[in-house]
Every structure is written in structure tokens, then in C-alpha cells.
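Accompanying notes for the structure given below.
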Amino acid sequence: MSENSQILSSFPAKLYIIATPIGNISDITYRAIETLQRVDIIAAEDTRHSGRLLSHYQIKKPMIALHDHNERERSKMLIGKIKNGQAVALISDAGTPLISDPGYHLVNECRASGVDVVPIPGPSAVITALSCAGLATDRFTFEGFLPAKEKGKQDKLKALIEEKRTMVFYESPRRIIDTVKQVILIFGADRKLVIARELTKAFESFYSLTASEMLIWLEKDTNHCRGEFVLIIAGANLQEDSLPQDALNTLRLLKEQLPLKKAAALTAQIHQQKKNELYKWGLDHL
């Protein structure tokens, strides 16, 4: 059969975006299993990693690696296969594809090419963590991974100083302590944090503390920095005497080196705020 010959699938020739377990292998939907059993090709972020999941459910299908380094090239090939009558599934290592995982270019190209994209919903670390965090969930923003370098991380956090919505981040074990330190520097020591660790796995745990308390807890035991993290940060409370958050952050930093009265006066000069209001806020909060 030539490459241009029509290949008819027993399943509609579309791209299926399939969510897979983030930890507990049982957290997969019947629809996801059925779809993986019926598609012709499975595109996976890591074929060896996903192979264990497919083997567990006795799914034997051709697999192709699709990751950040080859997505553009592979997208053209996969779209060609779909247009040639084959059904393709996309899965990531864990959770819902495209959420801080590869797949954006493939989905974007499918849409542009008139190829149908079908979501098969399921686990997502963002939603799983939020549902048990105890912070406001009526409005939230997902920010993915913060930049690894200190300046980039600080710039990103500074851009979120006045964000009122709950903020959700992914973070790695080796960077979690530095990230909490930057949160204290930019958002203040009293900002409420929740760490969701090893979600749906044997050692799943949630910790809800202020930023300063969280740093102490992380540094207390190296085991506390193991696992996969979702970091959730409470939104800014901009009702505090109507003082801007950047001014409050400056006051906190100066208070570490100066008496409160001098810190308030200098902060007022820097941010064009009223010295007495800053001083009063400092008496109540610092």
C-alpha cells in the first residue's frame, strides 16, 4: 500500500487529547481506556513511561514520541495520518496534555488544517490541588513553572504582586525552597501558601502555612523537598488601607534593617504614599 493510499480506521479519524493518571494508575476514565484501545496511533511525551500505563491496561498500539524537541516535525506527519483516515491519540507523562506539557503546536496545526480535536477529560494536577487546598477557587490563575533563574523568577512574581486571584504553580523539588524565598521577598512573609505534594500517590500530602512558616518547614527536613509539587499562593488582599502591595513589600524589607518609623518615612518617599498610613499598617502587621 502506498503512502498516499487511504487507510480506513475503525474509529473516527480525529486527534484525541486524552488525560492520564497523575499518580494513582486507577485514576483513568473508562472513556480514556476505550479510546486508547480503538485509535490507530498513540503519540506520547515519553513512550517508555507511557508504555507502562498501556501495558497495565493491556493496550497494544503503535506509539510515537512527541515532545518539545520534535513536535513541529511530528505534527505534520500525524496530521497527514489523520487526513489519511487514521485516529491519533495524544497523551503526556501524566495528567491532561498541553497543561505545561507538549501538544500546543499539534492542536494548533490540527485546528488550522481542519482536523477535528476531541478532548477526553480526566486528571489534572492543577484542579486536583485546588480542590483540596482550602484557598479561594471561584477565581484562579494557573502560571505553570516559574523561570529557573532568579531574576526571571523575581520579574514574574513582581508582575503578579497585585493579582487578587489564587495563583497556581508547578515547581520542582530542587527549586521549591528558592521559590518560597522569592515569594517571601516579593509577596511578604505572611502570604498564605499551600503545597500539594505527590498528588494521588502513596505519600500524598497537603501543607497550608504562611510563606515564612513554609520556608521553615521545607528547610527542616530534606525529605520535605522530595516529590512533585503544586504550589498554591493566596491572592493579594488589596483592601489593606488601600496601600499598594509594592509599597507594603518595600516597608517589610526596610523594616528588617531600620526602625519602623524610619522605614515608613523612606517607603512613603519612594512610593509617594502617606507616612502615617504606612506606619500604622506596620504597627498592625509587622
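Bear in mind these aren't lab numbers, they're just calculated from the coordinates by the rules spelled out. Note that the structure is a prediction, hence the values are computed from the model and not measured. Reconstructed Cβ throughout: ideal geometry from the backbone, glycine too, with neighbour counts over all protein chains shown.
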*Where in region 175-211 are there chymotrypsin sites (Phe, Trp or Tyr not before Pro) that are in a DSSP coil and have at most 10 other Cβ atoms within 10 angstrom of their Cβ?*
PHE203
_Long-range Cα-Cα pairs in the chain (distance over 35 Å), rounded percent_ = 34
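When the chain is fully extended, how far beyond the present Cα-Cα distance does HIS56 get from ARG139, taking 0.36 nm per residue of separation?
26.2 nm
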*ASN24/ILE99 FRET efficiency (R0 22 Å; Cβ-Cβ; nearest 0.05)*: 0.75
*Modelled label-to-label distance, LEU209 and LYS76, 7 Å Cα→beta-carbon offset: nm?*
5.2
*Relative contact order of region 245-285, pairs being alpha-carbon contacts under 8 Å that are 6 or more residues apart, as %*: 38
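Between LEU260 and ARG48, 0.36 nm times their residue separation minus their Cα-Cα distance comes to what? Show your work: numbers first, answer last.
On the way: separation 212, 0.36 × 212 = 76.32 nm, distance 5.80 nm.
Stretched out fully, the LEU260 to ARG48 stretch lengthens by 70.5 nm.
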*asked:* What's the longest uninterrupted piece of the chain once you rule out the GluC sites (Glu not before Pro) that are loop residues per DSSP with at most 14 other Cβ within 10 Å?
replied: 4-161
*So what's the back-of-envelope 222 nm ellipticity for the chain, counting only DSSP H runs of four-plus at -39500 (n - 2.57) apiece and dividing by all residues, rounded to 500?*
-12000 deg cm²/dmol
*May I ask you to compute the full-extension gain from LYS275 to LYS151, defined as 0.36 nm times their residue separation minus their alpha-carbon distance, rounded to one decimal in nm?*
41.6 nm
